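The values are calculated or read from the model by the stated rules, or taken from the named source; none is laboratory data. Because the structure is a prediction, the values reported are computed rather than measured. All Cβ positions, even for glycine, are placed from backbone atoms using ideal geometry, and neighbour counts span all protein chains on display. We work out accessible area using only protein heavy atoms, side chains counted, and drop any ligands, DNA or RNA first. Shrake-Rupley method; radii C 1.70, N 1.55, O 1.52, S 1.80 Å.
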Amino acid sequence: MTTASRTGYVHELKEVGEAVDERIRQLQAGYLQDRSDAVATLAKLRRGAGKTVEAVPELAVLTIGHQFYEQFPLDHPRISDAEDAVHEALTLYALHQQSKRDKGMHKRGKDLGGAVRRLMPSGDIDEPLRKRFVQAQTAGSSETRIDRLRGIVSLLRDKDIQLDYGLLADQLYDARTRSGAERVRRSWGRGFHAYRPSREQLAEEQDGTQGAPGE
């Protein structure tokens with residue numbers, strides 16, 4: 001499965017990302033239709049946002065089902081890393097989707113770097129937010145990384161900015177090795193610097209400044 005960003009770069013989901021993308025599509029459709037099962041599942045998953053699987057073991061049945069183990073057999077050399085990445089992506093998504101009944105917060109092609117840049121005014125840098133983003137990029141452990149991401153996802157939710165959770169899941173999986181962490185750090189930074197707002201977003205910003213006090 002591939003998708004293209006505004007910069008023309010195509011992100012292809014791998015096994016972990018495809019599993020998360022499929023699961024979230026189902027949950028998101030149900031949530032937007034106000035189905036009680038999806039609403040209840042996301043409410044439970046939100047409790048695990050920013051926490052490891054070990055901290056909330058009761059959620060494993062919601063994040064890691066039999067379909068996952070069809071792709072990742074029990075003898076897979078990195079099955080624990082895959083389980084952790086799926087858990088982290090799904091619980092962060094549940095936080096992101098909270099109270100958003102008219103718009104899905106999971107959308108293919110919306111990378112983390114670009115999403116963070118969208119939080120900032122065009123042509124300007126929010127330094128505290130940039131530092132928070134860098135802390136997520138350079139986190140020395142998965143626990144620290146997921147904690148930093150939880151704060152960023154909360155900001156994205158407040159501004160209705162979507163994120164590709166399939167891609168994020170693949171990156172969280174990759175980041176569990178030293179070389180993978182460096183690839184993810186560079187990918188997030190590249191997405192941040194390459195992002196350019198669309199004409200619609202620029203128009204929204206201009207409309208927001210018109211009529212401001214003192215103008």
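Based on C-alpha pairs under 8 angstrom that are at least 6 apart in sequence, the range 25-142 has a relative contact order of 29 percent. Taking all protein chains together and a 1.4 Å probe, the residues Ser99, Ser80 rank Ser99, Ser80 from largest to smallest accessible area.
Average accessible surface for the chain: 53 Å² per residue, computed with a 1.4 Å probe over protein heavy atoms with every protein chain in place. Ordered from highest to lowest accessible area with the whole protein assembly present and a 1.4 Å probe, Glu18, Glu88 read as Glu18, Glu88.
The residue among His87, Gln33, Pro73 whose Cα reaches farthest toward the positive pole of the charge dipole of the chain, with charges on the beta-carbon of Lys, Arg, Asp and Glu, is His87. Computed with a 1.4 Å probe over protein heavy atoms only, the accessible area of Lys51 comes to about 90 Å².
In the elastic network of the chain, a GNM with C-alpha springs shorter than 10 Å, the most mobile of Val61, Val134, Val86 is Val61. What is the percent carbon and sulfur in the accessible area of the chain, measuring with a 1.4 Å probe over the protein chains and ignoring ligands? Roughly 47 percent, rounded to a whole number. In terms of accessible area, using a 1.4 Å probe and ignoring ligands and nucleic acids, Tyr195, Tyr69, Tyr93 rank largest first as Tyr69, Tyr195, Tyr93.
Here each label is just a point 7 Å from Cα along the line to Cβ, and for Glu54 and Arg130 those points are 3.6 nm apart.
With a threshold of 21 Å on the Cα-Cα distance, the over-threshold entries among Lys51/Lys110; Lys14/Lys107; Lys131/Lys159; Lys110/Lys159 are Lys51/Lys110.
Comparing Leu155, Leu27, Leu74 in a Gaussian network model of the chain (Cα springs below 10 Å), the most mobile by mean-square fluctuation is Leu74.
Helical runs assigned H by DSSP (4 residues or longer) give the chain a calculated mean residue ellipticity at 222 nm of -19000 deg cm²/dmol, each run adding -39500 (n - 2.57) before division by the residue total. Overall, the range 1-127 carries a charge dipole of about 640 debye about its Cα centre when +1 sits on the Cβ of Lys and Arg and -1 on the Cβ of Asp and Glu, all other atoms neutral. With both labels modelled 7 Å from their Cα along Cα-to-Cβ, the Lys159 to His193 distance reads 2.0 nm.
Normalised by 2.2 N^0.38 Å, where N is the number of residues, the alpha-carbon radius of gyration of the range 25-65 equals 1.19. Database remark: amide H of His11 closer than 5 angstrom to the amide H of Thr3, Ser5 (H placed geometrically; neighbours at sequence offset of 5 or more, or on other chains; Pro and chain starts carry no H). Summing Cβ point charges (Lys, Arg +1; Asp, Glu -1) relative to the Cα centre of the chain gives a dipole of roughly 380 debye.
Distances longer than 22 Å among the Cα atoms of the chain: what percent of all pairs is that? Tail of the P(r) past 22 Å holds 49 percent of the pairs.
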